[in-house]
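Remarks on the structure that follows.
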Amino acid sequence: MQDFNICCRRDNHYPEHKLIPLSELFDVNYGLNLELNKLEKDSSGINFVSRTSKNNGVSARVKLKDGISPLPAGVLTVAAGGSVMESFVQDSPFYSGRDLYWLRPKVELTLEEKLYYCSCIRRNRHKYSYGRQANRTLKNLLVPSLDSVPAWVYGVTGKIISELSER
């Protein structure tokens, strides 16, 4: 993380880079642990998020199952196994497979802040190589505090969209 020029979230002076456990910013929850082969696929159904690194973690769309409420939109998902530490922001309600955690922010975060934290989580994947999983340690993973989010994070999605629109 030290490659980043860390700026204060509220003003432009440079505070010390402060790392905090992920659980201080997010409620860390284990997913629904559903098995895709026991669900009915439906192209107009809800997202099924698994441990894949592709397509925002979505591996299929499935029918709603009676008695099982989908997980909420706007949360982060983190693969604890498979493509370990792949992290995404889910933009719609979803079901989840095994070894997948979902993180609900304890304070309101912008989409840019959520994407930044996905990147911070992903940067830790080297700690989980050779078959290690993040099940026990995810909540203690150190990430920058909200006040340590770099200034460049804010407005970056708008800039990218503008650049793509101009092409």
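One table, with the values for the structure above:
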quantity: Sole residue being assigned to a loop (DSSP other than H, G, I, E, B) and among the hydrophobic types (A, V, I, L, M, F, W, C), chosen from Ile68, Ile121; calculated: Ile68
quantity: Check on Glu113, at pLDDT 80 or above and outside any helix (DSSP H, G or I); calculated: no
quantity: Matching entry among Leu109, Leu71 (being buried (at least 18 other Cβ atoms within 10 Å of the Cβ) and either in contact with a Pro (Cβ under 8 Å, 6 or more places away or on another chain) or among the hydroxyl-bearing types (Ser, Thr, Tyr) (or both)); calculated: Leu71
quantity: Options Tyr95, Tyr101: the member that is out of contact with any helix residue (DSSP H, G or I) (no Cβ under 7 Å at 6 or more places or on another chain), among the hydroxyl-bearing types (Ser, Thr, Tyr), buried (at least 21 other Cβ atoms within 10 Å of the Cβ) and part of a strand (DSSP E or B); calculated: Tyr95
quantity: Every residue from segment 114-167 that is among the aromatic types (Phe, Trp, Tyr) and touching a strand residue (DSSP E or B) at 6+ places or on another chain (Cβ under 7 Å); calculated: Tyr117
quantity: The listed residue being more than 20 Å from Leu19 (Cα to Cα), surrounded by 16 or more Cβ atoms within 10 Å (Cβ to Cβ) and of a type in the set (Lys, Arg), out of Arg51, Arg125, Arg132; calculated: Arg51
quantity: Residue pairs meeting the criteria (Cβ under 8 Å; at least 6 apart or on separate chains; first free of Cβ contacts under 8 Å to residues at least 24 places away in the same chain, in segment 35-63; second among the acidic types (Asp, Glu) and surrounded by fewer than 17 Cβ atoms within 10 Å (Cβ to Cβ)); calculated: Arg61/Asp42
quantity: Filter result (out of contact with any Lys or Arg (no Cβ under 7 Å at 6 or more places or on another chain), closer than 24 Å to Gln133 by Cβ and hydroxyl-bearing (Ser, Thr, Tyr)) within segment 54-107; calculated: Ser59, Thr77, Tyr95, Ser96, Tyr101
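The values are calculated or read from the model by the stated rules, or taken from the named source; none is laboratory data. Fair warning: this is a prediction, and the values are worked out from it, not measured in the lab. A quick note on method: Cβ atoms are made from the backbone with ideal geometry, for glycine too, and the neighbour counts reach across all protein chains shown.
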